[in-house]
Amino acid sequence: MLSSLVSSMPVYSADQVSTDPKRTICISGHREKSITPYHGDPVFRNITVQSVKLMLARYIDMAAERGYDTFISGLATGTDLWAAEYILQKKKLNSSIKLIGAMPYLRHADLFPSSERKALADIEREADFLVTVDPDPDIVYNKADKKGSGQLYRNRNYYMVDRSSAVIAFFNSGSSFSGTSQTLSYAYRTGRKICSFGLEDIFSLIDRAGTDLRSISREIAFLENVFDKE
């Protein structure tokens, strides 16, 4: 049995964990460094990031309201970890909710900042399953290796989509070479439902609600459930 190098929790191969795709949804999105603050002003960086987190949480709530009870996170920094943390909060109130953490390879967190490694370790300890799409404990990512390790993140992204019937994404238009773009492109080609939001949505939200986090939270709470749209 493989073990996480961060939390020492058991890690399964992709074929050892099954899901019901009709009730499974995966999550993809940008890292925090990709978030441009409202009006490009660093003063608004925190309110922008917090608004993204609140919107992400609302989308997860929307999915749960429509019967999704298994969530797959790619365990990358930013959106993936924020989503996983929120799902684990929901899990404490609803034991039917499950979290699967999908690693591209065992050493994927080698370059995480220490604070992110701690967050990842906490998530891994509470997740229902940890999965890796490549069980080789020694493999490392090499972008130039087009046929081998360079495909690790793509394979993880495809794994998540293949096990799901829908995708929640925080995606900024124009980010055509990102992992999120790759995930959404594959989801579109394979007929999955895609529910996404981007910084344009966040900025419009702040335009309406102002920069008070409580007002933003109230505005988000009354959004129409995006899973009801065709």
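Bear in mind that the values in this text are calculations on the coordinates, not laboratory data. Values in this document were obtained by computation on a predicted structure and should not be read as measured data. Positions of Cβ are generated from backbone atoms using ideal geometry, with glycine treated the same way; all protein chains shown enter the neighbour counts.
Mind ranking 188-199, 7-18, 50-61 by how tightly packed they are, going by the mean number of other C-beta atoms within 10 angstrom, highest first? Before the final figure, lay out each step's value.
Working: 188-199: 15.8, 7-18: 14.2, 50-61: 20.3.
By packing density, highest mean first, the sequence is 50-61, 188-199, 7-18.
With n ≥ 4 as the cut-off for DSSP H runs, can you work out [θ] at 222 nm for the chain, using -39500 (n - 2.57) per run divided by the number of residues, rounded to the nearest 500?
-12500 deg cm²/dmol
Once you have the Cα-Cα distance between GLU224 and ARG45, take 0.36 nm times their residue separation minus that, and quote the gain in nm to one decimal.
Working: separation 179, 0.36 × 179 = 64.44 nm, distance 2.61 nm.
Taking 0.36 nm per residue and subtracting the Cα distance, the gain is 61.8 nm.
Quick one: length gained pulling LYS33 to ASP136 fully straight, 0.36 nm per residue minus the C-alpha distance?
Working: separation 103, 0.36 × 103 = 37.08 nm, distance 2.96 nm.
Going from the current span to full extension adds 34.1 nm.
Sorted by packing (mean other beta-carbon atoms within 10 Å per residue), highest first, where do 164-171, 179-186, 88-95, 203-210 land?
Numbers: 164-171: 24.0, 179-186: 20.1, 88-95: 12.4, 203-210: 14.9.
The peptides rank, most packed first, as 164-171, 179-186, 203-210, 88-95.
Count the net charge of all other residues whose Cβ sits under 13 Å from the Cβ of TYR12, scoring Lys and Arg as +1 and Asp and Glu as -1.
That works out to -3.
Hey, what angle do you get for helix 179-189 against the long axis of the chain, alpha-carbon based, 0 to 90 degrees rounded to 10?
Long axis of 179-189 versus the principal axis of the chain: about 90 degrees.
Counting Lys +1, Arg +1, Asp -1, Glu -1, what net charge surrounds TYR186 among other residues with beta carbon under 10 Å of its beta carbon?
After counting each charged neighbour, the total is +2.
What distance in nm separates the two pseudo spin-label positions at ALA144 and ASP110, each 7 Å out from Cα along the beta-carbon direction?
A separation of 1.5 nm, rounded to one decimal place.
At a Förster radius of 25 Å, what calculated FRET efficiency corresponds to the Cβ-Cβ distance of ASP212 and GLN89, to the nearest 0.05?
Efficiency, from the Cβ-Cβ distance: 0.65.
With Cβ to Cβ distances under 11 Å as the rule, what net charge do the other residues near LEU2 carry (K, R +1; D, E -1)?
It works out to a net charge of -2.
Give me the percent relative contact order of the chain, please, defined on Cα pairs under 8 angstrom at least 6 residues apart. Walk me through the numbers on the way to the answer.
Details: 386 pairs, mean separation 59.3, N = 230.
Answer for the chain is 26 percent.
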